[in-house]
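Encoded as structure tokens, the structure appears first; notes follow it.
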Amino acid sequence: MTATRLLLAALAKAAAPSDADAVARLLGFERRLEAAYAAALARDAIDPALGRRLLGHEHEHVRGLEQALGDLGRRGPRATAPASTVGIDFAGRRAFAASAVQLERQAVDAYVDALTSFRDDHLVQPLASIMACGAQHEVALREVLGIRLV
């Protein structure tokens, strides 16, 4: 029985995504958020001060994740896929805020998933910091919607 458990654990570890795969997935979320905030600013679908602040954070997140991917030895098309704003509502500030809250929630959830299986201890703190920033973005966007968390 112990040999079977060891074999199953080894197979699960081998099947788990690599740290580089996890960072590449997170980068995809950050690029989508970056594109969403840039488009919202261009369409006046977000308060300019809030939009610039959130977009600036996303630029930093993208840059940091790109550097982390490079440090992990990953370069190439997986990390450079274009961001999409499909499915984001730009009809007005409240509509955009509702869409952006969902995007930020998906990103935070992706960080939680990635951090539970991450192998490189050196990247855990920066990734957790980006995740916390995403949660702060959610709070700011919920305030636009009039939702206060107590």
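The values are calculated or read from the model by the stated rules, or taken from the named source; none is laboratory data. On a predicted model such as this, the values are computed, not experimentally measured, just so you know. Neighbour counts are summed over all protein chains in view; Cβ atoms, including those assigned to glycine, are modelled from backbone coordinates with ideal geometry. These area figures cover heavy atoms from the full protein model, side chains too; ligands, DNA and RNA do not enter into them. Shrake-Rupley method; radii C 1.70, N 1.55, O 1.52, S 1.80 Å.
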For segment 116-134, the count of residues that are open to solvent by 40 Å² or more (accessible area, probe 1.4 Å) and part of a helix (DSSP H, G or I) equals 10
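A quick yes/no check of all residues on (1) modelled with pLDDT under 95; (2) out of contact with any Asp or Glu (no Cβ under 8 Å at 6 or more places or on another chain); (3) open to solvent by 50 Å² or more (accessible area, probe 1.4 Å); (4) not in a helix (DSSP H, G or I):
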site	(1), (2), (3), (4)
Ala40	no, yes, no, no
Arg52	no, yes, yes, no
Ala81	yes, yes, yes, yes
Thr85	yes, yes, no, yes
Ile88	yes, yes, no, yes
Ala95	no, no, no, no
Ser99	no, no, no, no
Out of (1) touching a helix residue (DSSP H, G or I) at 6+ places or on another chain (Cβ under 6 Å); (2) in a helix (DSSP H, G or I), the odd one out for Ala35 is which? (1)
Give the residue, chosen from Glu30, Glu66, that is in contact with an Asp or Glu (Cβ under 9 Å, 6 or more places away or on another chain) and acidic (Asp, Glu). Glu30
Taking the condition assigned to a helix (DSSP H, G or I), more than 23 Å from Asp21 (Cβ to Cβ) and without any contact (Cβ under 8 Å) to a residue 60 or more places away in the chain, does Val62 pass? no
